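Trainee: Structure below; questions to follow.
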Amino acid sequence: MADSSASSATESFSDENAGNSTARIPATVEGMAVAYGSLVIMALLPIFFGSYRSVKHHKEQKESGEIPDTMSHKDAAMFPLIASAALFGLYCFFQVFSKEHINLLLTGYFFFLGILALSHLLSPVISSLVPAAIPNIPYRIHFAQLDKGEESGGARDQGEGQEIISYCFTSHDVVCLACCTLVGAWYLIEKHWIANNLLGIAFAINGVELLHLNNMVTGCILLCGLFFYDIFWVFGTNVMVTVAKAFEAPIKLVFPQDLLERGLEANNFAMLGLGDVVIPGIFIALLLRFDHSLKRNSNVYFYVTFAAYLLGLLVTILMMHISKHAQPALLYLVPSCIGTPLIVALIRGDVKAMFQYEDHPSEGEEVPAESNSKHKKDE
C-alpha cells in the first residue's frame, strides 16, 4: 500500500480520458455532475471509514504492546523527494519503453496487492454471509528457522526456533479471498472502471487505516512538502498528467462523464489520484484519534477537517473548469485540512494539547490532553 500511495501521490483531478483510445462522447453538464459527484463521494467514504478503522487499529496496537514503525520528521520531509523520483522514473520508463509492457507488469503487481487489500476490507462482511454449512476452521502458516542442533529433534514438531512467518486464517477467509480474486480477475481481464474503483477504494481505506502519522508536526511537514510537490509536477511540467493517463493500475478513482449516454461502456473519464485521498486522509484520521484522546465525547476536529476536505475538493473541481486545466488537488486540500483544525484549536484553546499529542509517545506514556476541564461543561 505504501508503494501505491507514493507512486500516485498525488495525481490531480483531470477530465481527460484515462487511456481509452476509442471515440468519446462530449461530456454534458448532467454527465459531469454525476461524474464529479461520484468522485467526491468515493473520496469521502475511504477517509470516513478508514479514520474510524484507524482508531480501532490504534487501540489494538496499544493493547497488544506492538511498537509500530512511525514516520519521523526527516521521513516526512524526504517523502516528496522520494515521490518525485518515483514519478519522474515512471515518466522516463513510459517515454523509453512500451506502455503496454510496463502496464502489464504493473497490472500483475497491483492485481495481488488489490486482492489482499480487498480481502482485508471485506473479510468480516463475507464471513458473516458464508452459509453455516461451511465450517469456520482455523489454520496457521508457520515458518521458523531452526538451530543446527534442533534440525532432527523435537523442535520441528513444537514449532520452536526463530519465527519468520506466522499467519493465522480460517476457511471463511479462504472463501473471502476467492470472492476478491474474482474482482481482481475482472480488473485484470477487462480493466473495467468499476473493478478499478473497487480495488482503489480498498487501497484507500487500508491506507488511511494502517498508515499512521504519529503526531501533528509530522503531518504538517508531510502535507506541506506534498503541497509544493503537487504544484510543481502539475503546473511546472506535464509529467504528472502524462503518467496519470498512461498508468493503468487501480491507484486512481475514475468515473465516466458519458455514463448517461453510454452506460457501463462509457469511456470519457474524470479521475482523482489515490494520493489526494490517502495523504489528507491519514492526517484527518490523526485528528480523529486526537479527538478520542481528549475524552470529550466530541469529534469536532475530525468533522470540521472532514468538511474542509470536502470544500477543498469542490474548489478543485471549480478551478479545473474555470482554468480548463488539470489541477493539483493538494493545492486546495492542504491549506484547508491544516488551517481549519488549527483555527478551531486556537479558538478552543487546544493548540498546545494538539501539538503535544502522539499516537505512540516516545516516553512510554501518553501525554495528558490539556484544557479538558474547562470544556467539559460546554460539551
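Trainee: On the given criteria, is ALA133 in contact with a Ser or Thr (Cβ under 6 Å, 6 or more places away or on another chain) and among the small types (Gly, Ala, Ser)?
Mentor: When the stated conditions are applied, ALA133 does not pass them.
Trainee: Here is a further query. Is there any pair linking a residue in the stretch 219-247 that is touching a residue at least 40 places away in the same chain (Cβ under 8 Å) to one that is of a type in the set (Lys, Arg), with Cβ under 8 Å and at least six apart or on different chains, and which?
Mentor: Matching pairs, first to second residue: ALA244/LYS252; ALA246/LYS99.
Trainee: Which residue pairs have Cβ atoms under 6 Å apart, sit 6 or more places apart or on different chains, and have a first residue in the stretch 64-86 that is closer than 15 Å to GLY275 by Cα and a second that is of a type in the set (Gly, Ala, Ser) and buried (at least 16 other Cβ atoms within 10 Å of the Cβ)?
Mentor: Close Cβ pairs satisfying both conditions: PRO80/GLY225; ALA83/ALA6; ALA83/ALA9; ALA86/ALA6; ALA86/SER7.
Trainee: For residues in the stretch 275-301 being in contact with a helix residue (DSSP H, G or I) (Cβ under 8 Å, 6 or more places away or on another chain) and outside any helix (DSSP H, G or I), which is surrounded by the fewest Cβ atoms within 10 Å (Cβ to Cβ)?
Mentor: We begin by selecting, within the stretch 275-301, every residue in contact with a helix residue (DSSP H, G or I) (Cβ under 8 Å, 6 or more places away or on another chain); these are 275-292, 294, 296, 298-301.
After this cut, where a residue has to be outside any helix (DSSP H, G or I) as well, the list is 296, 298-299.
On the way: ARG296: 18, SER298: 14, ASN299: 18.
So, considering only residues that are in contact with a helix residue (DSSP H, G or I) (Cβ under 8 Å, 6 or more places away or on another chain) and outside any helix (DSSP H, G or I), the one surrounded by the fewest Cβ atoms within 10 Å (Cβ to Cβ) is SER298.
Trainee: Out of the stretch 222-244, which residues are more than 15 Å from TYR332 (Cα to Cα) and surrounded by fewer than 22 Cβ atoms within 10 Å (Cβ to Cβ)?
Mentor: GLY236, THR237, ASN238, VAL239, VAL241, THR242
Trainee: Name the single residue that is nearest to GLY273 (Cα to Cα) among those in the stretch 243-255 being in a helix (DSSP H, G or I) and of a type in the set (A, V, I, L, M). Steps first, please.
Mentor: Taking the stretch 243-255 as the starting set, the residues that turn out to be in a helix (DSSP H, G or I) are 243-246.
After this cut, where a residue has to be of a type in the set (A, V, I, L, M) as well, the list is 243-244, 246.
Details: VAL243: 11, ALA244: 8, ALA246: 13 Å.
Among those residues, the one meeting the criterion is ALA244.
Trainee: Mind listing just one residue for me: the one in the stretch 21-32 that is assigned to a helix (DSSP H, G or I) and loosely packed, with under 13 Cβ neighbours inside 10 Å and, of those, modelled with the lowest pLDDT? If you could, list the steps in order and put the result at the bottom.
Mentor: Restricting attention to the stretch 21-32, the residues satisfying the condition of being assigned to a helix (DSSP H, G or I) are 29-32.
Still in the running and loosely packed, with under 13 Cβ neighbours inside 10 Å: 29-30.
Values: VAL29: 83, GLU30: 86.
Going through the qualifying residues, I end up with VAL29.
Trainee: Quick one: which of GLU261, GLU248 is surrounded by fewer than 17 Cβ atoms within 10 Å (Cβ to Cβ), touching a Ser or Thr at 6+ places or on another chain (Cβ under 8 Å) and modelled with pLDDT under 95? Give the derivation first.
Mentor: Numbers: GLU248 fails: surrounded by fewer than 17 Cβ atoms within 10 Å (Cβ to Cβ).
After applying the criteria, what remains is GLU261.
Trainee: Which of (1) of a type in the set (Gly, Ala, Ser); (2) within 30 Å of ILE102 (Cα to Cα); (3) in contact (Cβ under 8 Å) with a residue 24 or more places away in the chain is the odd one out, the single condition GLY263 does not satisfy?
Mentor: GLY263 satisfies all of (1) of a type in the set (Gly, Ala, Ser); (2) within 30 Å of ILE102 (Cα to Cα); (3) in contact (Cβ under 8 Å) with a residue 24 or more places away in the chain except (3).
Trainee: Could you list, in sequence order, all residues of the stretch 94-110 that are in a helix (DSSP H, G or I), farther than 21 Å from ASP230 by Cβ and of a type outside the set (D, E, K, R)?
Mentor: Residues of the stretch 94-110 in a helix (DSSP H, G or I): 94-96, 99-110.
When the remaining residues are screened for being farther than 21 Å from ASP230 by Cβ, the result is 95-96, 99-110.
Result: GLN95, VAL96, HIS101, ILE102, ASN103, LEU104, LEU105, LEU106, THR107, GLY108, TYR109, PHE110.
Trainee: Test ALA117 against the stated conditions and say whether it is more than 27 Å from GLU209 (Cβ to Cβ) and either modelled with pLDDT under 80 or part of a helix (DSSP H, G or I) (or both).
Mentor: On the way: more than 27 Å from GLU209 (Cβ to Cβ): no; either modelled with pLDDT under 80 or part of a helix (DSSP H, G or I) (or both): yes.
The answer is no for ALA117.
Trainee: Further question: Among what's in the stretch 265-274 and is buried (at least 24 other Cβ atoms within 10 Å of the Cβ) and small (Gly, Ala, Ser), pick the residue that is nearest to ILE205 (Cα to Cα).
Mentor: Filtering the stretch 265-274 for residues that are buried (at least 24 other Cβ atoms within 10 Å of the Cβ) and small (Gly, Ala, Ser), the one nearest to ILE205 (Cα to Cα) comes out as GLY273.
Trainee: Something else now. Being within 20 Å of LYS62 (Cα to Cα) and not in a helix (DSSP H, G or I) is the filter; apply it to the stretch 344-359 and report the residue that is nearest to the chain's Cα centre (by Cα).
Mentor: Filtering first and then ranking leaves ASP359.
Trainee: I'd like the full set of residues that are among the hydroxyl-bearing types (Ser, Thr, Tyr) and either surrounded by 12 or more Cβ atoms within 10 Å (Cβ to Cβ) or in contact with an Asp or Glu (Cβ under 6 Å, 6 or more places away or on another chain) (or both), limited to the stretch 69-100. Steps first, answer last, please.
Mentor: So the first thing to find is which residues in the stretch 69-100 are among the hydroxyl-bearing types (Ser, Thr, Tyr), and the list is 70, 72, 84, 91, 98.
Hits for the stretch 69-100 are THR70, SER72, SER84, TYR91.
Trainee: Considering only residues that are touching a Gly at 6+ places or on another chain (Cβ under 7 Å), under 16 Å from VAL40 (Cβ atoms) and hydrophobic (A, V, I, L, M, F, W, C), look in the stretch 264-316 and name the one that is modelled with the lowest pLDDT.
Mentor: Across the stretch 264-316, the extreme among qualifying residues is LEU274.
Trainee: For the stretch 104-129, what are the residues that are surrounded by fewer than 18 Cβ atoms within 10 Å (Cβ to Cβ) and among the hydroxyl-bearing types (Ser, Thr, Tyr)?
Mentor: THR107, TYR109, SER127, SER128
Trainee: Mind checking which residues of the stretch 302-332 are buried (at least 19 other Cβ atoms within 10 Å of the Cβ) and without any contact (Cβ under 8 Å) to a residue 24 or more places away in the chain?
Mentor: Across the stretch 302-332, the qualifying residue is only TYR332.
Trainee: Can you pull out every residue in the stretch 187-221 that is among the β-branched types (Val, Ile, Thr) and surrounded by 24 or more Cβ atoms within 10 Å (Cβ to Cβ)? Lay out the reasoning, then the answer.
Mentor: Residues of the stretch 187-221 among the β-branched types (Val, Ile, Thr): 189, 194, 201, 205, 208, 217-218, 221.
Within the stretch 187-221, ILE205, VAL208 meet the criteria.
The values are calculated or read from the model by the stated rules, or taken from the named source; none is laboratory data. Because the structure is a prediction, the values reported are computed rather than measured. For neighbour counting, all protein chains shown are included, and Cβ atoms are generated from backbone atoms with ideal geometry for every residue, glycine included.
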